[in-house]
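I have placed the structure first, in the form of structure tokens, so that the comments after it can refer back to it.
The values are calculated or read from the model by the stated rules, or taken from the named source; none is laboratory data. Note that the structure is a prediction, hence the values are computed from the model and not measured. Note that each Cβ is placed from the backbone with ideal geometry, even for glycine, and that neighbours are counted across all protein chains shown. Please note that ligands, DNA and RNA were not included when accessible areas were found on the heavy atoms of the full protein model with its side chains. Shrake-Rupley method; radii C 1.70, N 1.55, O 1.52, S 1.80 Å.
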Amino acid sequence: MIELQGLTKVYGGKTVVDDVSLTVGQGEFCVLIGPSGCGKSTTLKMVNRLVPLTSGRIVLDGEDVTTLPAEQLRRRIGYAIQSIGLFPHWTVAENIAVVPKLLKWPKARIADRVEELLALFQLDAAEFRDKYPHQLSGGQAQRVGVARALAADPSVMLMDEPFGALDPITRDVLQAELARVHRETGKTIIFVTHDMDEALKLATRIAILNEGRLVQYDRPIELMFEPADDFVRDFLGKADLGLKLLTRRWVHQYVAPAPWADRKASMGELRDIVASHGHVWLVDGEGRPEGLFGARLWRADGDPLGELSRVHPDWMATPDMSMKEALSRMVWRRILALPVVDEQGRLSGEVTMAGVMGRQSEGQAA
Amino acid sequence: MTATILDDGRRRLVADRVLLTLWVAGAAAVLLLPFASMAPNRLVSGQPVMLWAALLPWQAWTAAGLAALLLLSALATPLPRALAHGLTLAAAWGLALLVLYGIGTYAGRAVTPDMPAARVSLGSAFWVVLFCAALAMLDAFQRLKAGMLPQVLYAVATVGAVAGLFALDLFDDLSILREYANREDAFAGEFLTHLALVGAALGPALLLGLPLGLLARRRAKLRGGLFGLLNFFQTIPSIALFALLVAPLSALGDAVPVLKAVGIKGIGAAPAVIALVMYSLLPIVRNTYAGFAGVPAAAVEAARGMGMTTRQVLWRVEVPLALPVILSGLRIVTVQAIGLTVVAALIGAGGLGTFIFQGLGQYAIDLVLLGAIPTIFLAVTADFFLQILVALSKPEGAR
């Protein structure tokens, strides 16, 4: 647990961080976010005193560390940065071993720890231990950078836009890995980003800063439903939040039983189902969806059945598809429901436009 | 066929134009310029002796054969390039040694018991052939993109072979070694003086320059003034700087007798060393600054963020990463100081320049060479070893 109490930074008469107080509980993933120049990076660097405090206190696990020599404090706090900063003249293993060496761990323990961390980030120790930083890809280098920050098993980790310089695909992979590592290690993390997508994916708490002041510090879903002021509302709004939320939601979370019938059903039975459910899926002998009555935007008035639509392969949703993609298919194909199929292609349920809306208001699943 | 086809479809005849140019220059020198000169004694001017007259027939034919091989490796056909460069290295090596061996044996034959005062001097064709052979070697190594190790081995083989020829007393009848024999004691003394002057200049230059370079990196405000001053030193011609120091130092020596007693006076080593230090400072300070400035800022931030003290950041991160650039600076000033020390002989500091200026005064070219050749040898050797040091200091991953 780490408490920041009234952190203030004045540079040449200008207050860049103004009385920021927040408590990050054990195991929380706190994301500091805000527009450029809001003081989020400065706040982060004040925690390990790379930026000296003008005033304020830092309490780490109940101990006031404000007057502890900066070097000692830093060895207790992990630190990872956007530009990674691996030491080019040292191997991967030597890079990871920096803080344990500063803390004078015995050699065998350091070697074990290096292996353990490489395994945690799914880097093969035999292959990577003796490589030099210039032999690594950007993603591998940042894995090593984060592993290095974790090396001495600090209770708190500071991360300053660590994935900001990576390509989008690598960034997604590393975000997922960091989320997993966070779950597995239970570290307290303070993470700076300007990317709301990233914040929503990773954070258990989000601190929004503007002009050096902490505007709101809340769980992500509380931020969205109860923004503290217009600034927060604008900041979230700009981030097309609804769609972004759906990128972290999965079809299996939204799936509902699908109304269905096979070819033996009479037109009357079909009409009854459509009357109660609005649409009906027709399945073939194997249980695979092949047709749809209703649920089309251009459904002809009069006959509630409308016309039969043949199920297009593009319509199919799978349980592990993101809801953003499912929604996109509905919009693109102009249908109000998608069949969810299992591995054999059999109808196992459906997701509907109404279901997306309903679920949205229930708040974010933990 | 390995002939290279040009874009326009023409077959290229020559693959290595540098080598061909060197070959033509060497051949022209052999045909037009004297290989050696022969005089009955030191006082009369010598008669030119062409290569084919100086060398024994087997030597001349071998030289012609090696020259033919060199021409062959310059052509696009029939050799593949890597093999051609290897052949160049072998043939140029053989040719250089053959030329040395040839002129040694010629001197041995020319200086007969009935003409004990006869003088055999090195002619211009000798120098041109040797020079072209050396350039051909360097060019071949460049084109082969050879690593450090083969170059070191080649250099060792060359120096070893030349040393072997010296050990056989092969060159003893050459005029330049006669001059050496006459001044054997003085030579050893001046050689050591030369080394001592260079060392006495580099020591203080490093002691001053390294901290100044680091200071220039840490304090941006000092940088402009510091580099301005050091640049100004660099623009003063060396003789002028030596001369300028004579007056104040002699005044100082007269005023403080203790200083005079330890050698601080107008002429001699003191002004020479001071001037050499002033010249050496700029490259050292500049390279030290550039070395530290080139350390990735991210590495320094990470090092601090992980809890290294300022001193640990300096010695564990900054110095190792800046070292190759700093050592390149040392390489520059070492070679420069070895050359400039020659001029210091003019103000009585001694060193190999003594022979050069004596020789110039007496119009004895061999005496000039007795000063010049060891100076060049020193500079090349120092450059060679410091180059190895620079390569070794590069981070293992980036070598």
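Condition (residue is outside any helix (DSSP H, G or I), open to solvent by 20 Å² or more (accessible area, probe 1.4 Å) and out of contact with any Phe, Trp or Tyr (no Cβ under 7 Å at 6 or more places or on another chain)) applied to region A:168-181: is it met by at least one residue?
Filtering region A:168-181 down to residues outside any helix (DSSP H, G or I) leaves none.
No, that holds for no residue.
Return the residue satisfying two criteria in turn: it lies in region A:11-37 and is acidic (Asp, Glu) and assigned to a strand (DSSP E or B), and of such residues it is least open to solvent (accessible area, probe 1.4 Å).
Step one: filter region A:11-37 for residues acidic (Asp, Glu), giving A:18-19, A:28.
When the remaining residues are screened for being assigned to a strand (DSSP E or B), the result is A:18-19.
Details: A:ASP18: 55, A:ASP19: 95 Å².
Among those residues, the one meeting the criterion is A:ASP18.
Step by step: first the residues of region A:158-189, then only those that are within 11 Å of another protein chain (Cβ to nearest Cβ) and more than 16 Å from the chain's Cα centre (by Cα), then the one that is farthest from B:MET308 (Cα to Cα). Which residue is that?
Looking at the filtered set, the residue picked out is A:ALA165.
Would you pick out the residues in region B:145-174 that are within 23 Å of the chain's Cα centre (by Cα), modelled with pLDDT under 85 and surrounded by 11 or more Cβ atoms within 10 Å (Cβ to Cβ)?
Answer for region B:145-174, where residues must be within 23 Å of the chain's Cα centre (by Cα), modelled with pLDDT under 85 and surrounded by 11 or more Cβ atoms within 10 Å (Cβ to Cβ): B:ALA146, B:GLY147, B:MET148.
Scan region B:115-126 and tell me whether some residue there is in contact (Cβ under 8 Å) with a residue 40 or more places away in the chain, in a helix (DSSP H, G or I) and in contact with a Pro (Cβ under 7 Å, 6 or more places away or on another chain).
First, pick out the residues of region B:115-126 that are in contact (Cβ under 8 Å) with a residue 40 or more places away in the chain: B:115, B:117-126.
Narrowing the set further to residues that are in a helix (DSSP H, G or I) leaves B:124-126.
Among the residues that remain, those that are also in contact with a Pro (Cβ under 7 Å, 6 or more places away or on another chain) are: B:124-125.
Checked region B:115-126: at least one residue is in contact (Cβ under 8 Å) with a residue 40 or more places away in the chain, in a helix (DSSP H, G or I) and in contact with a Pro (Cβ under 7 Å, 6 or more places away or on another chain).
Pick from region A:44-66 the residues that are in a loop (DSSP other than H, G, I, E, B), open to solvent by less than 40 Å² (accessible area, probe 1.4 Å) and within 14 Å of chain B (Cβ to nearest Cβ): which of them is farthest from B:ALA297 (Cα to Cα)?
That would be A:VAL65.
Six or more apart or on different chains, Cβ under 6 Å: which pairs go from a residue in region A:184-212 that's under 19 Å from A:ASP229 (Cα atoms) to one that's among the aliphatic types (A, V, I, L, M) and surrounded by fewer than 22 Cβ atoms within 10 Å (Cβ to Cβ)? Could you list them?
Filtered contacts from region A:184-212: A:MET196/A:ALA239; A:ALA207/A:LEU22; A:ILE208/A:VAL215; A:ILE208/A:VAL232; A:GLY212/A:VAL16.
If I go through region A:67-110 residue by residue, how many of them are more than 8 Å from every other protein chain (Cβ to nearest Cβ), without any contact (Cβ under 8 Å) to a residue 12 or more places away in the chain and assigned to a helix (DSSP H, G or I)?
5
Go through region A:11-34 and give me each residue that's touching an Asp or Glu at 6+ places or on another chain (Cβ under 9 Å) and over 11 Å from A:ARG213 (Cβ atoms).
A:LEU22, A:THR23, A:VAL24, A:GLN26, A:VAL31, A:ILE33
Tally the residues that are more than 14 Å from chain A (Cβ to nearest Cβ), of a type outside the set (Phe, Trp, Tyr) and free of Cβ contacts under 8 Å to residues at least 12 places away in the same chain, restricting the search to region B:368-399.
Number of matching residues: 3.
Counting only residues that are closer than 30 Å to B:ILE365 by Cβ and under 25 Å from the mean Cα position of the chain (by Cα), give me the helices (runs of 4 or more DSSP H) lying completely in region B:178-277 with at least 3 of them.
Values: elements: B:184-218, B:220-235, B:238-255, B:257-261.
The helices (runs of 4 or more DSSP H) meeting that bar are B:184-218, B:238-255.
I'd like the full set of residues that are open to solvent by 10 Å² or more (accessible area, probe 1.4 Å) and either of a type in the set (Ser, Thr, Tyr) or more than 12 Å from chain B (Cβ to nearest Cβ) (or both), limited to region A:131-157.
Listed by number, the residues that qualify are A:TYR132, A:SER137, A:GLY138, A:GLN140, A:ARG143, A:ASP153, A:SER155.
Could you identify the single residue in B:THR62, B:THR112, B:THR105 that is open to solvent by 20 Å² or more (accessible area, probe 1.4 Å), part of a loop (DSSP other than H, G, I, E, B) and β-branched (Val, Ile, Thr)? Let's see the steps before the verdict.
Details: B:THR62 fails: part of a loop (DSSP other than H, G, I, E, B); B:THR105 fails: part of a loop (DSSP other than H, G, I, E, B).
Being open to solvent by 20 Å² or more (accessible area, probe 1.4 Å), part of a loop (DSSP other than H, G, I, E, B) and β-branched (Val, Ile, Thr) holds for just one of B:THR62, B:THR112, B:THR105, which is B:THR112.
Within region A:113-130, restricting attention to residues that are assigned to a loop (DSSP other than H, G, I, E, B) and open to solvent by 20 Å² or more (accessible area, probe 1.4 Å), which residue is nearest to A:ASP197 (Cα to Cα)? Let's see the steps before the verdict.
Applying the first criterion (assigned to a loop (DSSP other than H, G, I, E, B)) to region A:113-130 yields A:121-124, A:129-130.
Within this subset, residues satisfying the condition of being open to solvent by 20 Å² or more (accessible area, probe 1.4 Å) are A:122, A:124, A:129-130.
Working: A:GLN122: 24, A:ASP124: 30, A:ARG129: 33, A:ASP130: 35 Å.
Filtering region A:113-130 for residues that are assigned to a loop (DSSP other than H, G, I, E, B) and open to solvent by 20 Å² or more (accessible area, probe 1.4 Å), the one nearest to A:ASP197 (Cα to Cα) comes out as A:GLN122.
Any residue in region B:24-44 that is within 21 Å of B:ARG119 (Cβ to Cβ), β-branched (Val, Ile, Thr) and either surrounded by fewer than 16 Cβ atoms within 10 Å (Cβ to Cβ) or at pLDDT below 90 (or both)? Don't jump to the end; show me each part of the working.
Of all residues in region B:24-44, those within 21 Å of B:ARG119 (Cβ to Cβ) come to B:33-44.
Going one step further and asking which of them are β-branched (Val, Ile, Thr), we end up with B:44.
Now drop any that are not either surrounded by fewer than 16 Cβ atoms within 10 Å (Cβ to Cβ) or at pLDDT below 90 (or both), which leaves B:44.
Yes, that holds for at least one residue.
Those residues that are among the hydroxyl-bearing types (Ser, Thr, Tyr) and either touching a residue at least 60 places away in the same chain (Cβ under 8 Å) or within 20 Å of A:THR193 (Cβ to Cβ) (or both), I need them from region A:1-22; list them, please. Working first, answer last.
Filtering region A:1-22 for residues among the hydroxyl-bearing types (Ser, Thr, Tyr) gives A:8, A:11, A:15, A:21.
Result: A:THR15, A:SER21.
For region A:102-125, does any single residue satisfy the condition of being farther than 30 Å from A:ASP234 by Cα and in contact with a strand residue (DSSP E or B) (Cβ under 9 Å, 6 or more places away or on another chain)? Walk me through it before giving the result.
At the first step, the residues of region A:102-125 found to be farther than 30 Å from A:ASP234 by Cα are A:102-125.
If we keep only those that are in contact with a strand residue (DSSP E or B) (Cβ under 9 Å, 6 or more places away or on another chain) too, we end up with none.
No, there is no match, as no residue in region A:102-125 is farther than 30 Å from A:ASP234 by Cα and in contact with a strand residue (DSSP E or B) (Cβ under 9 Å, 6 or more places away or on another chain).
Looking at B:ILE365, B:ILE356, which is the one that is modelled with pLDDT under 90 and more than 14 Å from chain A (Cβ to nearest Cβ)? Spell out the reasoning first.
Details: B:ILE356 fails: modelled with pLDDT under 90.
The unique qualifying residue is B:ILE365.
Here is a list: B:VAL317, B:VAL313, B:VAL333. Which entry is buried (at least 22 other Cβ atoms within 10 Å of the Cβ), within 13 Å of another protein chain (Cβ to nearest Cβ) and part of a helix (DSSP H, G or I)? First the steps, then the outcome.
Details: B:VAL313 fails: buried (at least 22 other Cβ atoms within 10 Å of the Cβ); B:VAL333 fails: within 13 Å of another protein chain (Cβ to nearest Cβ).
Testing whether each residue is buried (at least 22 other Cβ atoms within 10 Å of the Cβ), within 13 Å of another protein chain (Cβ to nearest Cβ) and part of a helix (DSSP H, G or I) leaves just B:VAL317.
Considering each residue of region A:196-230, count those that are at pLDDT below 90, surrounded by fewer than 17 Cβ atoms within 10 Å (Cβ to Cβ) and not β-branched (Val, Ile, Thr), and give that number.
Total meeting the criteria: 7.
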